Amino acid sequence: MFIQIFQFLKEIFLYSGYLGNQKAFPQPLSPEEERKHIDQYLAGDMRSRDKLIEHNLRLVAHIAKKYQNGTVETDDLISIGTIGLIKGVNTFDREKGGSLATYVARCIENEVLMYLRSLKKRNADISLMEPIGEDKEGNQMALADILC
């Protein structure tokens, strides 16, 4: 499944040419077109699913820009957000009410926030063998040297 997701992402990024240019994204679908593609996707048409994803990439870029903080590349946030978009389109349930854009926006934000939390957690990890300074003779010291 992940291979299919990444292959789809590759196709989107190659054909859209969006990097740094939000004007390259396709325009959002009209409400009528969106309903039509949702109906077709629920009937099993994967091209309609792809169309729903492609036409909501602008939303991914908007949300990614909102969480840009200088430490994470925008492209990474857009990639992670696109995974959230795909998950959102795949799990959208029209019977629960609400629009597709509202639902996938929440899925995109959740995916981006999970990614940012995982980065924060990884940055807090410290290796005991990581050099922390030098002793009087100029030898590198690690945290493990101090604790032993």
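The values are calculated or read from the model by the stated rules, or taken from the named source; none is laboratory data. None of the values given here were measured: they were computed from a predicted structure. When we count neighbours, we look across all protein chains shown, and the Cβ atoms used for this are built from the backbone with ideal geometry, even at glycine. Areas reflect the complete protein model, heavy atoms only, side chains present, ligands, DNA and RNA absent. Shrake-Rupley method; radii C 1.70, N 1.55, O 1.52, S 1.80 Å.
Is it the case that some residue within the stretch 81-90 is surrounded by fewer than 17 Cβ atoms within 10 Å (Cβ to Cβ) and more than 25 Å from GLN27 (Cβ to Cβ)?
Start the filter on the stretch 81-90 by keeping residues that are surrounded by fewer than 17 Cβ atoms within 10 Å (Cβ to Cβ), which leaves 87, 90.
Those still in the list that are more than 25 Å from GLN27 (Cβ to Cβ) too: none.
Taking every residue of the stretch 81-90 in turn, none turns out to be surrounded by fewer than 17 Cβ atoms within 10 Å (Cβ to Cβ) and more than 25 Å from GLN27 (Cβ to Cβ).
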Q.
Pairs please, first residue from the stretch 17-33 and farther than 15 Å from LEU59 by Cβ, second anywhere and modelled with pLDDT of 55 or more, Cβ atoms under 7 Å, 6+ apart in sequence or on different chains.
A. GLY17/ALA24; LEU19/ASP75
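Which of the following residues is crowded, with 19+ Cβ neighbours inside 10 Å and free of Cβ contacts under 8 Å to residues at least 60 places away in the same chain: TYR103, TYR67, TYR115?
Details: TYR103 fails: crowded, with 19+ Cβ neighbours inside 10 Å; TYR67 fails: crowded, with 19+ Cβ neighbours inside 10 Å.
None of the others qualify; the one that does is TYR115.
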Q: Hey, can you tell me all the residues within the stretch 30-69 that are hydroxyl-bearing (Ser, Thr, Tyr) and touching a helix residue (DSSP H, G or I) at 6+ places or on another chain (Cβ under 9 Å)?
A: TYR41, SER48, TYR67
Q. From the set of residues in the stretch 46-61 that are of a type outside the set (S, T, N, Q) and without any contact (Cβ under 8 Å) to a residue 24 or more places away in the chain, which is surrounded by the most Cβ atoms within 10 Å (Cβ to Cβ)?
A. LYS51
Q.
Given the criteria open to solvent by less than 40 Å² (accessible area, probe 1.4 Å) and either over 20 Å from the mean Cα position of the chain (by Cα) or at pLDDT 95 or above (or both), does GLU109 qualify?
A. yes
Q.
Among the residues that make up the stretch 27-45, is at least one of them assigned to a helix (DSSP H, G or I), surrounded by 13 or more Cβ atoms within 10 Å (Cβ to Cβ) and under 19 Å from the mean Cα position of the chain (by Cα)?
A. no
